[in-house]
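The values are calculated or read from the model by the stated rules, or taken from the named source; none is laboratory data. The shown structure was predicted, so the numbers you read here are calculated from the model rather than taken from an experiment. Heads up, the Cβs are rebuilt from the backbone with ideal geometry, glycines too, and the neighbour counts pull from every protein chain shown. Accessible surface is based on the protein model in full, side chains and every heavy atom, while ligands, DNA and RNA are left aside. Shrake-Rupley method; radii C 1.70, N 1.55, O 1.52, S 1.80 Å.
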Amino acid sequence: MLNFHFILNDDNKLILSSSSAPENKKSDSLKVNIIGDYMKGQRLKKNLTKLDVARKLGFKNISKTVINLTDIEENSKSFQGYNSSLIEIYSASDKDLKIAKLDQEQILLELKEKEKQEYKKLTNVKKDFYLSVIKNLPFLYSKYEEIMNTDKYYFCPAYDSYFGTAYISIGRFELYIGELLQLWKDNRWKNECPQCGGPVYITNAGGSPLSGAGGGWGTCEGCKTNIYGITPFRKFFHEIRELPRREIPEDLEFISFETMLADLEK
Ligand SMILES: [Zn+2]
């Protein structure tokens, strides 16, 4: 699963960034190395070590050349003055290298497109999760005391909800259903939708309390979309500071929102 974060760039603008959760690291680090594999294959066919090749290339700094060769073979990097000489040393085909280059570009394009689709899918999953929470709010508030007093309900994970701030530590990053319910109940972390005027339930906020740069984002009940860039950040910062932050009990077994609903309905 990918996690999305808003981070402040050098221009103090919020940009959306994603990182993968640990279980998905493998597919995320998927690397396209067609050129590198081709080059390595040619060298091995000739039975040459990288040191042999570095000597043949004739650059002054042999160890630097070996490092560059590794970068070419492992990361498909390209260095000026290498390719044509390598093709010669390997008696390889210039045409094959060009094909490898085209393949590499094509696959990178396809991966980028896939990533875009994946991102869209995940933002939809997030939106659907919060639309379901919002739809159930009257029921959840009818069980408010029970939720507040039961750890497994209070700490029911809220999909990718967090508060992130630079410089000032305000405890843990992620927010739970019990915390969002408290915030929303008092109309904190809520905003009027700039698109439809409906209520936006803020699920995330990030920024700098010092400069005030940053904002919040969440799901609109009216137009049923994710709304980004809600300001001012300082409002969300002060509102969450009023929220008592509880410690998560060590032996807590987390339950899903669906399970929580089903349990509460019993
Ligand atoms: Zn709206």
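Only Lys, Arg, Asp and Glu carry charge here, each on its Cβ (+1 for the first two, -1 for the last two); on that basis segment 137-265 has a dipole of about 700 debye about its Cα centre. Taking amide H as placed 1.01 Å from N in the peptide plane, residue 161 has its amide H under 5 Å from the amide H of 175, each at least 5 places away in sequence or on another chain.
Straight-line cross-link reach from residue 135 at under 14 Å between alpha-carbon atoms covers these aspartates and glutamates, not counting any fewer than eight positions away in the same chain: 221, 258. What translational D, rounded to a whole number of µm²/s, comes out for the chain from Stokes-Einstein when the hydrodynamic radius is the Kirkwood one over Cα pairs, at 10 °C and 1.306 mPa s? After rounding, the answer is 71 µm²/s. What percent do you get for the relative contact order of segment 137-265 when only Cα pairs under 8 Å and 6+ apart count? Worked out over segment 137-265, it gives 24 percent. Which pairs in the list 152/190; 152/266; 56/77; 64/101; 45/112; 45/95 are over 22 Å apart, alpha-carbon to alpha-carbon? Those over the limit are 152/190; 64/101; 45/112.
Based on Cα atoms of segment 137-265, Rg over Rh with Rh as the Kirkwood radius reads 0.97.
Of all lysines in the structure, the ones whose alpha carbon falls short of 19 Å from that of residue 116, not counting any fewer than 8 places away in one chain, are 25, 26, 31, 126, 127. For the chain, the solvent-accessible area of protein heavy atoms averages 57 Å² per residue (probe radius 1.4 Å; ligands and nucleic acids excluded). The residue among 119, 189, 54 whose Cα reaches farthest toward the positive pole of the charge dipole of the chain, with charges on the beta-carbon of Lys, Arg, Asp and Glu, is 54. About the centre of its Cα atoms, segment 35-83 shows a dipole size close to 240 debye [charges on the beta carbon of Lys, Arg (+1) and Asp, Glu (-1) only; nearest 20 debye].
Computed about its Cα centre, the charge dipole of the chain is approximately 1180 debye, with only Lys, Arg, Asp and Glu carrying charge at their Cβ. The helix-based estimate of mean residue ellipticity at 222 nm for the chain, built from -39,500 (n - 2.57) per DSSP H run of four or more residues and divided by its residue count, is -14500 deg cm²/dmol to the nearest 500.
If you sort 50, 121 by accessible surface, 1.4 Å probe, largest first, the order is 121, 50. When the inverse distances between all different Cα atoms of segment 31-126 are averaged and flipped, the Kirkwood radius reads 14.8 angstrom. Across segment 219-233, coupling constants 3J(HN,Hα) worked out from phi with the 6.51/-1.76/1.60 Karplus curve, θ = phi - 60°, read 10, 8, 6, x, 8, 6, 10, 7, 10, 10, x, 7, 10, x, 4 Hz, and Gly and Pro carry x.
When the Cα positions of 106, 92, 79 are compared along the charge dipole of segment 31-126, 79 comes out farthest toward the positive end, with charges on each C-beta of Lys, Arg, Asp and Glu. Sorting 193, 223 on solvent-accessible area from highest to lowest, probe radius 1.4 Å, gives 223, 193.
A dipole drawn for the chain from +1 and -1 charges on Cβ atoms has a positive end, and of 42, 136, 202 the residue lying farthest that way is 42.
The spacing between segment 236-266 and segment 90-125, judged by their C-alpha centroids, is 42 Å. Rounded to the nearest 5, the antiparallel percentage of DSSP beta bridges internal to the chain is 85%.
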